[in-house]
1. Quick one: helix B:111-122 against the long Cα principal axis of chain B, what's the angle to the nearest 10°, folded into 0 to 90?
2. For A:VAL140 and A:CYS113 in the same chain, what is the full-extension length gain: residue separation times 0.36 nm, less their Cα-Cα distance, in nm?
3. Mind ordering A:225-231, B:278-284 by average Cβ neighbours within 10 Å, highest first?
4. Using +1 on the beta carbon of Lys and Arg, -1 on that of Asp and Glu, and nothing else charged, what's the dipole of chain A about the Cα centre, debye to 20?
5. How many Cβ atoms of partner chains, on average, are near each residue of B:82-90 if near means within 10 Å of its Cβ?
6. Per residue of A:200-209, what is the mean number of Cβ atoms on other protein chains within 10 angstrom of that residue's Cβ?
7. Out of every Cα pair in the protein assembly as shown, what percent are spaced more than 38 Å from each other?
8. How far, in nm, would the chain grow between A:TRP265 and A:SER70 when pulled straight, counting 0.36 nm per residue and subtracting the alpha carbon separation?
Amino acid sequence: MSAIGAPADAGPASTGPLAAARAQRRAGRRWYRQPALMAGIVILVIVVGMALAAPLLTSYSPITQNLSASLLGPGAHHLLGTDQLGRDTFTRLLYGLRLDLRIAFIVVLFPFCLGTVLGSLAGYFGGWVDAVIMRLVDIVVAFPFYVLVIALVFVLGPGERSIYIAITAVGWVAYARIIRGEILVAKRQDYVTAARAGGLSSLRIMGRHLLPNVITQAFIYAMSDIVQDILAIVTLGYLGLGIPPPTADLGSMINDGQNFLSTHWQLTTIPGLVVVVVGLGLSLVGDGLADLFRPGR
Amino acid sequence: MGTETILEVRDLHVRIASRRGIVRAVDGVSFEVPRGGALGVVGESGSGKSMTLRAILGVLPPEARVTSGQILLDGVDLVQLRSSEVNRLRGPKMSMIFQEPMSALNPVMRIGRQIAEGPQVHLGYSRARAAERALELMRRVGIPDPERRFRAYPHEFSGGMRQRVMIAIALSCDPEIILCDEPTTALDVTIQDQILRLLTRLCRESGVSLVFVTHDLPVVAQVCQDIAVMYGGQLVERGEVREVLLDPRHPYTLGLVRSAPDFEYVRDALVPIPGSPPSLVSPPPGCRFHPRCDFAEDDCRVSQTPLRLLPGGRATACLHYERCLDAIAADRGRP
């Protein structure tokens, strides 16, 4: 409210300042004018770029052991030193990041799709379809996210596939709830009645008329969900339930380095910091994009 | 094809389950629409006009349903059909134009694709051919520069243009009857006239029948040949439009024309109908209009009032319709 504190005569003739404020708000919506979003993008570009360019940035292998060069400190040959098996920490960091980011970006898609489909069905058809799907949601929601994911991966056995299955099985409920709520509101709109009056099938009305109107909300949620997913992947790695060794993974690196915390703090601390930075970057980008996509702001 | 009557509704009952009880939204309505004809259905808000339309089209809200009666479209009873079979008729056989052209168009879909969707689904047109069809329809309903407007979204259109789009969608599969739910209520008067002329011209050209629901009497007089007056979920009067509006045979119709401005019915002042519409959960016994009626007698409060045929193909539900004659004469007698 730009009028507060302005002189009284600014009241009726305030088209100038008001228009300026409006222009400023509009400009504020431009993506490159949002400092938080820009900061997030910069962080992500650097991190993802480094992960993608891993083979160019380092000549070491992330898994080949060299026991004669174990536990070296940071130096010219090994930028961040080596671990107890003589593997270059910087190299493992890059390859670990590469793997974890790839899994995170893929794993966010499955719950998104599953939850959107089930949520649409529940919201559109109602009745017993809704009852069955929403009771399933209640069951999943009854457990904390990590407890269920860890239990599922434990049962399925460590590995990339288990991570996909576990996070999908637990993560879809949030999308289902969001989409169901949105569909419940949207299906009361006249354009849905009009589509029905046009003799279109339920499937077509859901897919072509309702989903494009409601998918934004699920998309906004996915932006923050990916942060949770990458933390889950790292947590599983830390617990030894992630990608089996010797493949580099941030979680297992943190765990491996713990034994040498008093002498070689960088083995644990640096991967931990990288996780924090990646999470921060994804959060900033997620929030920024959510603000841009959120209608009516 | 063949029969003279395109749509016949027989003794239609629609009930709505609500928290206050069962609402008898439509209670024994019967009418017919001749092929190529236009029927106007008038009445106050909540008189069951829209519910009748939605029942015909089979797009009632989930808590409402047809409890008895027949809806014969070209001789086929829609009430008996399965929903998938009715679905195939919506579009190529009958279509609907809604009151709010703003909300009846999908906000995130391009105009052209919304018009092209019907032909694609029902007529088996390819994407390209359906787009051609959409452009042709946009030209027919008078949307300027259709090639450019094809890719526009509904919010880029004015109210009148949106209603033209709705008409194009309704016509897209060459239906035999179009159901209009107050199509001009949300428009400016000048635009309203354009849209009405367009609608009547297009329907005449292609022999499409119309059911026109509205509470705007001059509009009915402009568009329709026949009129059906609804009150409290029932039909109270039916007949040729000019006869009914200039010479009503039911006190409710008389009340409507007396309370409508700029209509040819002669009177020196607008006279509102006293009271408010009846509750359809527990409607008054006897004639539903009797609590608001000046002419009501004891028998109005007790006996059922079905439509009775009058000379000249008209019908009224009023037991004492002769009293309207005196009232009309008195209105005309005034200077």
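Coordinate-derived values only; no laboratory data. Everything quoted here is computed from the prediction, not taken from an experiment. Note: ideal-geometry Cβ built from the backbone for every residue, glycine included; neighbour counts use all protein chains shown.
1. Value to nearest ten degrees: 90.
2. Numbers: separation 27, 0.36 × 27 = 9.72 nm, distance 1.70 nm.
Full extension from A:VAL140 to A:CYS113 adds 8.0 nm.
3. The packing order, highest mean first, is A:225-231, B:278-284.
4. Working: 21 positive and 15 negative charges, 233 e Å.
That gives a dipole near 1120 debye.
5. Working: counts 0, 2, 2, 0, 1, 6, 2, 1, 6.
Per-residue shielding by partner chains comes out at 2.
6. Values: counts 8, 4, 3, 0, 3, 1, 0, 0, 6, 5.
That works out to 3 on average.
7. Above the 38 Å cut-off, the protein assembly as shown has 53 percent of its Cα pairs.
8. Details: separation 195, 0.36 × 195 = 70.20 nm, distance 1.45 nm.
Contour length minus Cα-Cα distance gives 68.7 nm.
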